[in-house]
Amino acid sequence: KRALEAEIVEGDLDGKRVVLCKPQAFMNVSGRAVQKVMKKFPVSARQVLVVYDDADLSFGDVRFKEGGTSAGHRGMQSILDVFPTGTNIARVRIGIGRPDHPDIALEDFVLQKWTAKEETALPDVLENAIRAILAYAGT
């Protein structure tokens, strides 16, 4: 859905309507897509769950957080900026770790392919992320 600047999937989860939104803009302006999707599919801030990669967590760590700041994550800050100050937005953070070499910029690191070891671990990481998402959804 080009006008929404996001890929959208609608579904049903245990009788609850679910809308998944994957912004297609640059990460640091992803809040625009969230705002547009929320206008098309009216939901409250309590119904929003943001799932994103986090270099401040070790690879594979999955953490749920009910609210708080962006902790410097530009995509999360862009999303927080579309809500009134102090609005709690739930999020699931999926750790990707940081580059092993200081000469690799974080911006380049996040676009690299997975290592063989990471690729092997991905199914378990995704399973843990799905559990956190479903727990938030109350299923």
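Read the figures in this text as sums done on the coordinates, not as results from a lab. Everything quoted here is computed from the prediction, not taken from an experiment. So basically every Cβ, Gly included, is an ideal-geometry build from the backbone, and we count neighbours across all protein chains shown.
With r as the distance between the Cβ atoms of ALA116 and GLN77 and R0 = 30 Å, compute the FRET efficiency 1/(1 + (r/R0)^6) and round to 0.05.
Computed FRET efficiency for GLN77 and ALA116 comes out at 0.35.
For a Förster distance of 25 Å, can you work out the FRET efficiency between the beta-carbons of ALA45 and GLN24, rounded to the nearest 0.05?
The formula returns an efficiency of 0.65 here.
How much of the DSSP bridge set in the stretch 2-137 is antiparallel, in percent, rounded to the nearest 5?
Just about 65 percent of them are antiparallel.
Under a Cβ-Cβ cut-off of 14 Å, what is the net charge of the residues other than GLY11 that fall near it, where Lys and Arg count +1 and Asp and Glu count -1?
Around GLY11, the surrounding residues sum to -1.
Name the residues whose placed amide hydrogens come within less than 5 Å of the amide hydrogen of VAL51, ignoring near sequence neighbours (fewer than 5 apart) on the same chain.
Amide H neighbours of VAL51, under 5 Å, 5+ apart: VAL92.
How high is the relative contact order of the chain, in percent, with contacts defined as C-alpha pairs under 8 Å that are six or more residues apart?
Normalised by residue count, the contact order of the chain is 24 percent.
Step through the residues of the stretch 105-112 one at a time and calculate ³J(HN,Hα) from phi using the Karplus curve (6.51 cos²θ - 1.76 cosθ + 1.60, θ = phi - 60°), rounding each to whole Hz and writing x for Gly and Pro.
Values per residue, Gly and Pro as x: 5, 4, 4, 7, 4, 5, 9, 6 Hz.
Could you work out the pair-distance distribution P(r) of the stretch 1-113 from its alpha-carbon pairs, with 5 angstrom bin width and percents rounded to whole numbers?
2, 10, 20, 22, 20, 14, 8, 3, 1, 0
GLU66 to ASP108: extension gain in nm, 0.36 nm per residue of separation minus the Cα-Cα distance?
This chain segment gains 12.2 nm when fully extended.
Once both axes come from the Cα atoms, what is the angle between helix 116-137 and the longest principal axis of the chain, in degrees from 0 to 90, rounded to 10?
Helix 116-137 sits at roughly 20 degrees to that axis.
Within the set of other residues whose C-beta is less than 9 Å from the C-beta of ARG93, count the net charge using Lys and Arg as +1 and Asp and Glu as -1.
Once positives and negatives cancel, what remains is -1.
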